[in-house]
Structure formats: C-alpha cells, structure tokens
Amino acid sequence: MPDGLSAALALPGLPFVLIAVVAAGVVYGFAGFGSALIFTPVAVAFIPPETAIAAFGLSALVSLFTVVPGAWGEADRTAAGTMIAAAILAAPLGIFALSVLDREVIRVIVALVVAITLAALVAGWRFAAPPTLASRAGIGAGSGILGGMTGLNGPIVILFQLAGSDGARRSRANLILFLTATSISFLPLLWMQGLLTVEALWLGLILMPLYAVGTRVGKALFTPGREPIYRVVAYVIIGLAALMALPIWE
C-alpha cells in the first residue's frame, strides 16, 4: 500500500470526515452551496486546514459530472465568470495567510464567518440596487481570499446571491458554477505555495466517490418551485456549520 494512502487512512477522525463529505454532497446537490460549510468545520477539527482544503478541492472534481451540467444552462455565466476570475486571482493571498496563521485562529475565523453570514441572511438583508461588474468582482475577490485561508469560499458569494433578486433556480446554478470552479482552483494554488501533500491527494481520492453519491442524492431532492423551503434549509445549514466550527468540540 502506498505510504500516502496509509497515512490518509490513519488520519484521526476519518469516519467523521467521511460522514461529513457525504452530508456535504447532499447539501450541495440540493441547495447549490453549503458543501464547504458542512465539510470544513468537521474536517479541521481532526486534520490540518491545508489538508482539508486540498482533499475537498480534489473531491469537488466530481461536481463537473454530477451537478455542473444541469446548472450550466440555468446560470448567469457572465456574472459567475466574473466572480470566479476575481476569486482565483485573490485566492493566493488567503493561502498565504493559511500558511502563517495558527490552526485555532483559523477555526475561530471559520465560526465567525458562518455566524455573520447567517445573521445577515436571517435579518433579511437585501441589495438596494442591481449588482455591477465592480461589485461582482469585489465579491469574488473577497470569497477567494476567505476560501484560500479557510476553505470557505462560499459564505460571501452565498450572501450576495441570496440577498439579490435572482430566484432559487438561478441562484443555485450561479453558486454551483462558482463554488465548483474555485474549489478546484485551490489545488494548483496550494501546490505553488508548497501546501499540497500526497496524503491530502489520497484523502481526496477516498472522498470522491462518497461526495459523488451525496451530490446525486441532493440533486434529486431539489424542487425549484419550493423557494421558501430552499431558503429555510439554507439558513439551517449555515447555522449548524457555525456551531460545528467553534473550537470547543474536542
């Protein structure tokens, strides 16, 4: 057995990480977001953040076959592409922060980010004006920095989408394109900064089939006509993630 595979199988808390990736896939297939919000808080409780981000980025490759094809025709591809490009350009700043910050500091940042996201959504915050090219680029850049540092490339753009005027179908499609593309982009960026390990790659391969099954199940559960339920589920997802991210679950 390869050394990297042996190390991945010996990771502490591996059963919890496997359960988390299945749950993350179901949530992502249903809502179009929330996978990192579910997976990251659980994973970083057991393994280094950079390992969690790299492994999850590799597992996200299956989204190209499970949920991206259906989202492609429903998304605003120009808007999503603007945010994706800005996020990829800004992500190295977040990855640099990941390399120098203490693990417990990152866990606290994760908890704060998801809690603030939830509070803004529940409070009913909405945009007063249509988003511009500059605002989309700024949202993408902020998401890239946060994603590179914590693995949570979603909260900022989730808030942006759900606070806008897009319906559930388009919001879900935009988020699927953005989150899949940016999650995958973290792999070469982590490699360039020396944070991509063989152990993380093997863990990502282990997670792949479980994440694929989860996304298929979630996609089958999505019903576009039930937008109120969609938003409630979104709030519950983020709330649970905020609680799980707190560095008290040892």
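The values are calculated or read from the model by the stated rules, or taken from the named source; none is laboratory data. This one's a predicted model, so the numbers in the text were calculated from it and none came from an experiment. Reconstructed Cβ throughout: ideal geometry from the backbone, glycine too, with neighbour counts over all protein chains shown.
From A71, A36, grab the single residue that is aliphatic (A, V, I, L, M), within 11 Å of the chain's Cα centre (by Cα) and either at pLDDT below 90 or more than 16 Å from L201 (Cα to Cα) (or both).
None of the other options fit; the residue is A36.
Output the qualifying pairs, or none if there are none: Cβ atoms under 9 angstrom, residues six or more apart or on different chains, first residue in region 92-118 and without any contact (Cβ under 8 Å) to a residue 40 or more places away in the chain, second residue crowded, with 17+ Cβ neighbours inside 10 Å and assigned to a helix (DSSP H, G or I).
L112/A242; L112/A245; I116/P155; I116/L159; I116/A242
Among the residues of region 162-174, write down those that are modelled with pLDDT under 80 and in a helix (DSSP H, G or I).
Quick first cut of region 162-174, residues modelled with pLDDT under 80 only: 162-168.
Within region 162-174, L162, A168 qualify.
Considering only residues that are modelled with pLDDT of 75 or more and in contact with a Gly (Cβ under 8 Å, 6 or more places away or on another chain), look in region 119-145 and name the one that is farthest from A36 (Cα to Cα).
P131
Quick one: which of L5, L37 is of a type outside the set (D, E, K, R) and surrounded by fewer than 23 Cβ atoms within 10 Å (Cβ to Cβ)?
L5
Only one of these is buried (at least 20 other Cβ atoms within 10 Å of the Cβ), modelled with pLDDT of 90 or more and either of a type in the set (F, W, Y) or not in a helix (DSSP H, G or I) (or both): F186, F178. Name it. Don't jump to the end; show me each part of the working.
Details: F186 fails: modelled with pLDDT of 90 or more.
Result: F178 is the single residue among F186, F178 that is buried (at least 20 other Cβ atoms within 10 Å of the Cβ), modelled with pLDDT of 90 or more and either of a type in the set (F, W, Y) or not in a helix (DSSP H, G or I) (or both).
Please report, ordered by residue number, the helices (runs of 4 or more DSSP H) entirely within region 48-142 with at least 3 residues that are of a type in the set (A, V, I, L, M) and surrounded by fewer than 22 Cβ atoms within 10 Å (Cβ to Cβ). If you could, list the steps in order and put the result at the bottom.
Working: elements: 49-59, 63-66, 68-72, 77-100, 103-122.
Here the list reads 77-100, 103-122.
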